[in-house]
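Visitor: Before I ask anything, let me first share the structure, which is written out below as structure tokens.
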Amino acid sequence: MSLRIAVTGASGMVGATLINFFQSEGHRVTRVVHEGSSANVKAADCVFWNIKKGTIDTNGLEGHEVVIHLAGANIAAKRWSSAYKKEIYDSRVAGTQLLCETLNRLKQSPMVLVCASAVGFYGNRPVDERLDEAKPAGEGFLAKVCRDWEGAAEPALRKGIRVIHMRMGMIISPRGGAMAKMLPIFRLGLGGCLGSGQQMMSWVAIDEIPNVIVHCIKEESLRGPVNVVAPQPVSNKEFTAVLGRVLRRPTVFPVPAIGVKILFGEMGQKLLLDSAAVIPARLKQSDYRFVYPDLAKTLATYFKS
């Protein structure tokens, strides 16, 4: 059955992947884009909004069966000044609030709202703690952003829309994200562990995400938080070693924790040194079959020389 699907954050790495996937499957996709966007957009397949002004084309959202909400400022784009932290927070929380209040007022609201979230919800946790969706939020800036981000979807819940919060791990992709920053260093043979290397990393292949969303749309028992991560989190030390083997490069240049903090500030601490071993309990319970469950095979698929 062909669905009408609206996607915010359509120009981002995940958004572009999803649009290509759903269009190739014969679904009709509407991009929700910011007014004045420089992206190559056509009014016929777009809905325009402005989070700062609190405006959105309500009529343009009518009649969509599924809404996928990905919009938010890039948390790894630069060091976190107070102003940029506010932008990160507002782009997610205010954007979700605006979207969900609008969905609440629609005459024909969607059946499903799939919202991006992140494993940052859990904060920095002991390396031996396994984190399923029942675990409470952690401490710190990212945990607060994710908690409030998810909470901002409450107007959609009041409307009776089934809401799913995708708590995504580090996305492995040949088309951008964290790997785009790491690969040049590793290809030069200058890669190494970050800090102690003991911190746990929860990851997901970019091409797993469309399959997960299809599963979430079809599986009506899924609602609330869903950890979108591969079944096996790994330590930074293990990740480094596997990437080195795939690229056939040495990984003997560790970066001490103090170096990460000097180079990247709070952003580096939270994204590169904090630990969270997240497991996809709800996906497993609903019999989701992972296409990319293995780190070595995933990295080889995307990056093998």
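Visitor: Among the numbered criteria (1) assigned to a helix (DSSP H, G or I); (2) over 19 Å from the mean Cα position of the chain (by Cα); (3) closer than 30 Å to R28 by Cα, which single criterion is violated by K107?
Guide: (1)
Visitor: With the structure loaded, tell me whether G160 is in a loop (DSSP other than H, G, I, E, B), over 17 Å from the mean Cα position of the chain (by Cα), more than 25 Å from I68 (Cβ to Cβ) and in contact (Cβ under 8 Å) with a residue 40 or more places away in the chain or whether it fails that test.
Guide: Here the answer is no, as G160 does not meet what is asked.
Visitor: Let me ask something else about it. Any idea which of (1) out of contact with any Cys (no Cβ under 8 Å at 6 or more places or on another chain); (2) touching a residue at least 12 places away in the same chain (Cβ under 8 Å); (3) surrounded by fewer than 21 Cβ atoms within 10 Å (Cβ to Cβ) is the one K237 doesn't satisfy?
Guide: (1)
Visitor: Could you identify the single residue in A6, A83 that is at pLDDT 95 or above, in a strand (DSSP E or B) and not β-branched (V, I, T)?
Guide: Criteria check complete, one pass: A6.
Visitor: Looking only at residues in region 246-262 that are among the β-branched types (V, I, T) and assigned to a loop (DSSP other than H, G, I, E, B), which one is surrounded by the most Cβ atoms within 10 Å (Cβ to Cβ)?
Guide: T251
Visitor: If we keep just the residues of region 9-28 that are assigned to a helix (DSSP H, G or I) and of a type in the set (S, T, Y), which is nearest to I75 (Cα to Cα)?
Guide: Result: T17.
Visitor: What pairs come up if the first residue lies in region 65-78 and is outside any strand (DSSP E or B), the second is β-branched (V, I, T) and modelled with pLDDT of 90 or more, and their beta carbons are under 6 Å apart, counting only those six or more places apart or on different chains?
Guide: L70/T8; L70/V14; A71/T8; A73/I88; I75/I88
Visitor: Now a separate question. Any residue in region 180-193 that is buried (at least 21 other Cβ atoms within 10 Å of the Cβ) and within 27 Å of L18 (Cα to Cα)?
Guide: no
Visitor: Next up: Return a yes/no flag: does region 226-238 have any residue that is out of contact with any Asp or Glu (no Cβ under 9 Å at 6 or more places or on another chain) and either modelled with pLDDT under 95 or hydroxyl-bearing (S, T, Y) (or both).
Guide: Taking every residue of region 226-238 in turn, at least one turns out to be out of contact with any Asp or Glu (no Cβ under 9 Å at 6 or more places or on another chain) and either modelled with pLDDT under 95 or hydroxyl-bearing (S, T, Y) (or both).
Visitor: Scan region 202-233 for residues that are over 28 Å from M111 (Cα atoms) and either touching a helix residue (DSSP H, G or I) at 6+ places or on another chain (Cβ under 6 Å) or surrounded by 22 or more Cβ atoms within 10 Å (Cβ to Cβ) (or both) and jot them down.
Guide: Scanning region 202-233 gives S202, W203, P233.
Visitor: Does region 264-290 hold any residues that are assigned to a loop (DSSP other than H, G, I, E, B) and more than 23 Å from R223 (Cβ to Cβ), and which are they?
Guide: Hits for region 264-290 are D274, S275.
Visitor: Can you tell me which residues in region 269-291 are over 22 Å from E139 (Cα atoms) and of a type in the set (K, R)?
Guide: R282, K284, R289
Visitor: Could you check, for region 268-286, whether at least one of its residues is hydroxyl-bearing (S, T, Y) and either touching a Phe, Trp or Tyr at 6+ places or on another chain (Cβ under 7 Å) or at pLDDT below 95 (or both)?
Guide: no
Visitor: Considering every residue within region 246-259, establish whether at least one is at pLDDT 95 or above, under 27 Å from L70 (Cβ atoms) and aliphatic (A, V, I, L, M).
Guide: Among the residues of region 246-259, not one is at pLDDT 95 or above, under 27 Å from L70 (Cβ atoms) and aliphatic (A, V, I, L, M), which makes the answer no.
Visitor: (1) within 23 Å of R4 (Cβ to Cβ); (2) under 18 Å from the mean Cα position of the chain (by Cα): which one isn't true of E65, the others all being true?
Guide: The failed condition is (2).
Visitor: Quick one: L103 ticks every box in (1) buried (at least 16 other Cβ atoms within 10 Å of the Cβ); (2) at pLDDT 95 or above; (3) under 28 Å from I172 (Cα atoms) bar one, so which box is it?
Guide: Evaluating L103 over (1) buried (at least 16 other Cβ atoms within 10 Å of the Cβ); (2) at pLDDT 95 or above; (3) under 28 Å from I172 (Cα atoms) leaves (3) as the failure.
Visitor: Name the residues in region 130-157 that are touching a helix residue (DSSP H, G or I) at 6+ places or on another chain (Cβ under 9 Å) and in a loop (DSSP other than H, G, I, E, B), would you?
Guide: D132, E133, A134, K135, P136, A137, G138, G140, A152, A153, listed by residue number.
Visitor: State the number of residues belonging to region 112-154 that are more than 14 Å from H69 (Cβ to Cβ), touching a strand residue (DSSP E or B) at 6+ places or on another chain (Cβ under 7 Å) and polar (S, T, N, Q).
Guide: The qualifying residues number 0.
Visitor: While we're here: Starting from residues that are hydrophobic (A, V, I, L, M, F, W, C) and exposed (fewer than 14 other Cβ atoms within 10 Å of the Cβ), keep the ones in region 77-94 and report whichever is nearest to V114 (Cα to Cα).
Guide: Top of the filtered list is A77.
The values are calculated or read from the model by the stated rules, or taken from the named source; none is laboratory data. Computed from a predicted structure; not experimentally measured. We place every Cβ from the backbone using ideal geometry, glycine too, and count neighbours over all the protein chains shown.
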